[in-house]
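Data first, discussion second: the structure below is written as structure tokens.
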Amino acid sequence: MLQDKSLIERSIARLRKSLSREPYNLRLCLDSPEEEAVAARLALYIAAATKNNYILKRFADSESKNFSETLRKTPGIQNLNCKIEIGKDLGIIAKPAQDVVTGIINAAFKTPVAIKWTSYLRYAPPDPFWAMINRVVVKGWVILPLDDFERILEEAYEEQILRIAGENELAVGRVSASIDMSLIQDLLRKYAQRPVNITKLSTEGPDPPCMKAILDALKAGENLPHAARFAIATYLLHKGWEVEQIVDLFRTSPDFNEKITRYQVQHIAGQVGGRKEYAVPNCETMNSWGLCPTNLGCGVKNPLQYGRRVAIKKSN
Ligand code: SF4
């Protein structure tokens, strides 16, 4: 397989399209499903062979978004039971909501799905919107509209891609030894983000554990929930960072979009939109968003007070 030049070219083309977030051409899959499946697997191994976590995560993020687009658009799989079966293959326990509830709850959603709470907790994005407390839960089943169920499938698919890469180190090693990686030099240059020198930019006292955890996750190229992005942007703006420095910080996010990020940070800074500068969320709010690793244990009301408190403690 690794001697097949056209397959390697096809795989690199797939990697290239994924990293640049080009929409997937469904025709490729419909015309030659087997070849496309092999190319997709090889593209994943090439992404893993770069040994760059950011490239691998960006590839997985983009492929999973293409997967959910395909789920929404492919005529043959619009049946709810079909999507539930796809979920089963991804390890998700779900059934049509009418098997669990009837009446008004069912009527409130368009094509509702009931998903077992364990599957929900595992794959729901870490975002306040997805907190289980904001969902209808009946006898251990979380009732979701179809759109949200498709998003859960997307998250599960992304996790599966990363798991496959992790479980196939031998194959990744073979790919790395057999494929001329200089063929993707341009991709490495463009998408392998340089680590951001965070310590150099943070100046006033130590960062609180909550913000440090968010900064560490950003450095590791993790996909952060909106609440975490909002919290770190408000915090750094109040510490005197420029909008452009914060935009640069987010470059490591697998779903980074420069234009949107700049607009959002400017919005938080009060430079566009309603011209309202947002405050740093207080500790109670951070905790309710699941972003306080100490469970309100720092003895401050707002993360901004942490650095000063540590400095005062040291001087006593
Ligand atoms: S108590 Fe406040 S400052 Fe400390 S980690 Fe939690 S949210 Fe951050």
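The values are calculated or read from the model by the stated rules, or taken from the named source; none is laboratory data. Predicted, not measured: the structure shown is a model, and the values here were computed from it. Neighbour counts run over all protein chains shown; Cβ positions are idealised from the backbone, glycine included.
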- Message: Exactly one of these conditions fails for Lys259: (1) in contact with a Lys or Arg (Cβ under 9 Å, 6 or more places away or on another chain); (2) without any contact (Cβ under 8 Å) to a residue 12 or more places away in the chain; (3) within 25 Å of Asn53 (Cα to Cα). Give me its number.
- Response: (1)
- If Glu284 passes every condition in (1) within 16 Å of the ligand (Cβ to nearest atom); (2) in a helix (DSSP H, G or I); (3) at pLDDT 90 or above; (4) closer than 18 Å to Asp207 by Cβ but one, which one does it miss? (4)
- Item | Residue check for Thr102: out of contact with any Asp or Glu (no Cβ under 7 Å at 6 or more places or on another chain), assigned to a helix (DSSP H, G or I) and surrounded by fewer than 16 Cβ atoms within 10 Å (Cβ to Cβ) | no
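Just the residues that are hydroxyl-bearing (Ser, Thr, Tyr) and within 20 Å of Ile164 (Cα to Cα), please, taken from the stretch 10-50. Explain how you work it out, then say what you get.
We begin by selecting, within the stretch 10-50, every residue hydroxyl-bearing (Ser, Thr, Tyr); these are 11, 18, 20, 24, 32, 45, 50.
Scanning the stretch 10-50 gives Ser11, Ser18, Tyr45, Thr50.
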- Message: Out of the residues in the stretch 255-281 meeting the condition of being more than 10 Å from the ligand (Cβ to nearest atom) and in contact with a Phe, Trp or Tyr (Cβ under 7 Å, 6 or more places away or on another chain), tell me which one is farthest from Ile133 (Cα to Cα).
- Response: Val272
